[in-house]
Amino acid sequence: MAKKGGVQQLQADLQNDVDFKKFLERPGLLVLDVYSEWCGPCLGMVGGLRKIKLEMGGDNLQLAICKSDTITALRRFHKRSEPTWLFVTGGRAVNIMFGTDVPKLMALLNKELEKTLQKAPRTVTYAVNELQPIEVEQLRVKTEIAERVQRIEREAKLKKQTDYLTFVTDAILANLPDIGVTVFGPHVNRDMFKKLQEPAEALKMQCKDRKVIQVTAEQFESVNFACKNPLPPDVIEQLDGKELLMCFWKIDEGAGPVPNVLTAYAKELTKERVAPPNEEFNKEHPIPPIIAPMKIKFEVELAEGEEWVEEISSEEEAKKNKHAKIKSIINVQQEAPAADDNADLDGEEEGSEEETPEQDVRQSLANLGIDLALDLDFNDQVEEEEEVVEEVIVKPKFRTKTVKMPPIWVPNNRRTHAALVYMFFRNQTTGFLPPDPTPEPPHVIMAFEASKRQEIMNAVERQRSDVPSYGYFTTDDPAEATLLASSTDRYNKSVEQSPSDMIVLKVSKVQSNMMLSLVVFAPTYVSPNVTAGREEALKFFPEDYKQQPEVPEKEEEDKTKKKKKSKKTEDTRESHDVPEPSPEKVEAAAPPPPPQAEAPPPEAQAPAGEAPAPAAPPAEGEAAPAEGGTAAAAPADGAEPGPESAEGPAPTEAAEEAPPPAAEEDPQAPTEGTTPAPATEAAPEDAAAE
């Protein structure tokens with residue numbers, strides 16, 4: 001027991017900040033084995049560390065295992081599966097190593113221990129909670145990998161959207177070759193449609209449908225995927241959430257290509273026209289276009305370091321003009337001669353706030369008979385006023401930005417027109433275009449300890465549609481999780497199971513009580529929102545993830561029973577197998593001829609006084625071999641064999657009419673459930689006696 005106690009003292013177990021801080025105060029070299037609760041400390045290298053401590057280190061080498069989950073300075077190692085060795089001396093970290101390379105760890109330990117014993121000065125040290133160069137490099141690589149993965153995911157998502165848009169627009173172009181869509185600005189409303197239709201008749205255009213639709217910036221991103229003249233980003237930003245008038249046009253085949261016709265239509269709507277002479281004007285005169293661009297002005301806050309001289313917001317401009325006016329008034333009053341005492345006083349006070357020196361102000365006040373012994377700090381008043389002016393100047397400035405909104409937008413290629421039809425006029429495509437796939441509802445990730453899997457799966461089965469995917473992972477961190485099993489059956493059958501294993505669920509959040517049902521099981525992690533839940537679900541359950549179905553317990557029990565029953569039947573058959581007879585017995589027990597051949601009369605088969613060739617006696621508890629592959633009962637004593645003995649089994653009716661043999665009269669008769677044995681030699685003697 002003493003030895004065991006001594007071994008335990010070789011290595012400290014640190015679980016909280018208090019113990020950790022006390023341990024850092026120890027002298028010598030401190031080697032910290034940093035671990036997470038779900039992974040545990042590295043036990044394979046403890047023996048080597050203790051050996052070095054006993055042989056070389058002594059009191060100059062201190063070993064400890066540190067739980068990063070509960071120690072603040074080591075939180076960056078939380079949920080890390082790779083063994084981490086941190087070397088500390090004098091409360092400062094001097095080196096770090098990752099992995100289970102024993103020779104490398106021992107060499108590094110000897111090197112750091114030698115420096116500590118020699119008390120060599122450390123040129124570079126780090127705070128315990130500070131990233132060391134190797135950690136910075138690992139973080140950089142990890143960040144690059146994460147960015148690359150995100151970029152690949154974005155590209156895959158964009159490609160998927162583009163491929164689907166290409167598919168639907170191809171179908172629209174093939175089925176609706178003579179259609180187009182025009183998008184009007186927010187200042188063009190439905191009431192103006194009669195004026196908008198005037199140029200359309202000359203261009204052989206027919207409006208088949210029109211709608212006022214509230215659009216979003218995301219919709220225009222889809223529309224612009226193949227557009228050569230897309231709307232500018234600042235215009236789309238202003239259109240986000242606005243209601244726009246859209247018209248669905250049918251173009252006559254002889255009028256020309258759809259984009260060209262609609263572009264000519266847009267020019268007719270936006271050009272200036274010439275009106276004939278009338279009562280007001282004696283000659284032709286220009287009139288404004290039917291629809292014209294609209295300018296939208298709004299204020300934008302200047303970013304830090306941004307300079308904007310041309311346009312300053314109206315509020316700031318007014319303040320600037322006000323300050324300039326006040327300054328000019330002060331200068332005029334200072335230069336002008338005094339008309340009276342009050343005017344001189346006002347001018348001096350005005351000037352004192354900005355430019356008059358302190359002694360001049362005091363002299364002016366003394367000339368006016370004002371007591372200078374007032375308990376006032378003139379300097380403080382001036383400083384306060386100057387601070388107020390500075391606060392006004394420090395306030396952020398705004399610039400006025402102007403966006404020119406076009407009155408009408410016409411794409412210059414047919415595919416973009418098809419995309420507009422797909423986005424806003426789906427009712428025109430119901431005859432040939434299948435409905436869009438149902439979008440996946442918003443969802444979150446919920447993780448639990450795998451030991452609670454039975455209760456959790458019972459709750460999931462009650463609302464199975466609200467949990468589209470689940471699985472068993474090594475951790476609840478999506479960046480480091482490794483899939484263990486895609487079903488509970490597979491996980492239960494797996495040999496390697498750890499207390500740190502997690503069951504992760506993808507739970508729908510719309511119109512679902514599943515989250516409330518699962519909260520009672522104390523999840524270890526829940527996505528903060530549906531946006532994070534979508535990203536985390538793609539890491540836990542990528543598109544190629546295959547969910548293995550669960551086998552119900554009843555079906556599993558039935559399968560087990562069938563297997564047991566089948567095995568029992570096979571064992572029974574094996575136990576009742578007949579031993580292989582000799583060739584003579586096989587020849588004597590040869591099967592009768594086929595039924596179509598006439599059998600000889602019974603007298604020819606067995607002459608009187610002679611017994612038929614006996615068959616091989618069956619073993620105890622075994623069935624006797626039957627002629628023709630079936631068991632046939634022996635005839636009663638003294639009875640002649642019927643025709644069925646030669647021609648095979650008798651018809652069913654005859655078999656039902658024949659009385660069964662009396663088993664009670666013959667003690668030698670077989671018991672119920674066994675095949676009767678063939679007649680013995682005593683049978684002919686009994687017949688002769690009768």
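The values are calculated or read from the model by the stated rules, or taken from the named source; none is laboratory data. Please read these numbers as outputs of a predicted model, since none were measured by experiment. So basically every Cβ, Gly included, is an ideal-geometry build from the backbone, and we count neighbours across all protein chains shown. Calculation scope for accessible area: heavy atoms of the full protein, side chains included, ligands and nucleic acids excluded. Shrake-Rupley method; radii C 1.70, N 1.55, O 1.52, S 1.80 Å.
Considered as an equivalent ellipsoid built on the Cα gyration tensor, region 215-278 has semi-axes of 28, 19, 11 Å, the largest given first. Computed from the C-beta positions of Glu535 and Lys211, the FRET efficiency with R₀ = 35 Å rounds to 0.50.
Once backbone amide H atoms are built at 1.01 Å from N, Lys509 has His443, Val444 as its partners under 5 Å, excluding neighbours fewer than 5 places away on the same chain. Backbone geometry of region 194-200 corresponds, through the Karplus equation with coefficients 6.51, -1.76 and 1.60 at θ = phi - 60°, to 3J(HN,Hα) couplings of 4, 5, 5, 8, 4, x, 5 Hz, x marking Gly and Pro.
Just list whichever of Lys204/Lys295; Lys157/Lys295; Lys159/Lys539; Lys195/Lys250 have alpha carbons separated by over 26 Å in the model shown. Flagged as over cut-off: Lys204/Lys295; Lys157/Lys295. Computed about its Cα centre, the charge dipole of region 71-135 is approximately 140 debye, with only Lys, Arg, Asp and Glu carrying charge at their Cβ.
Label zone of Asn278 (point 7 Å out along Cα→Cβ, amide N under 12 Å): in region 188-231 this covers no residue at all. The heavy atoms of Arg414 present about 90 square angstrom of accessible area, all protein chains included, probe 1.4 Å. Net length available on complete extension from Thr430 to Asp178 is 89.0 nm, with 0.36 nm assigned per residue and the Cα-Cα distance removed. Given their separation in residues at 0.36 nm each and the Cα-Cα distance between them, Lys509 and Thr70 gain 154.9 nm when the chain is fully extended. Were the residues from Glu461 through Leu139 laid out at 0.36 nm apart, the gain over their Cα-Cα distance would be 111.8 nm. On the basis of the beta-carbon distance and an R0 of 56 Å, Lys204 and Glu147 show a calculated FRET efficiency of 0.55. Dipole magnitude for region 431-510: computed about the Cα centre from +1 point charges on Lys and Arg Cβ and -1 point charges on Asp and Glu Cβ, it is near 260 debye. A cut-off of 5 Å between modelled amide H atoms, ignoring neighbours fewer than 5 places along the same chain, links Leu484 with Tyr472, Phe473, Thr474. For Lys242, the residues whose modelled amide H falls within less than 5 Å of its own, excluding neighbours fewer than 5 places apart on the same chain, are Val215.
Figure note: Cys227, Cys66 ranked by solvent-accessible area, largest first, 1.4 Å probe, ligands and nucleic acids not counted: Cys227, Cys66. For Ser222 and Leu117, the FRET efficiency from 1/(1 + (r/R0)^6), where r spans their Cβ atoms and R0 equals 51 Å, is about 0.15. Placing +1 on each Lys and Arg Cβ and -1 on each Asp and Glu Cβ, with no other charges, gives region 457-498 a dipole about its Cα centre of roughly 260 debye. In this view, the solvent-accessible surface of Phe425, computed with a 1.4 Å probe and all protein chains in place, comes to about 0 Å².
Give, to the nearest whole percent, the P(r) tail of region 122-183 beyond 16 angstrom, counting all Cα pairs. Tail of P(r) above 16 Å: 71 percent of Cα pairs.
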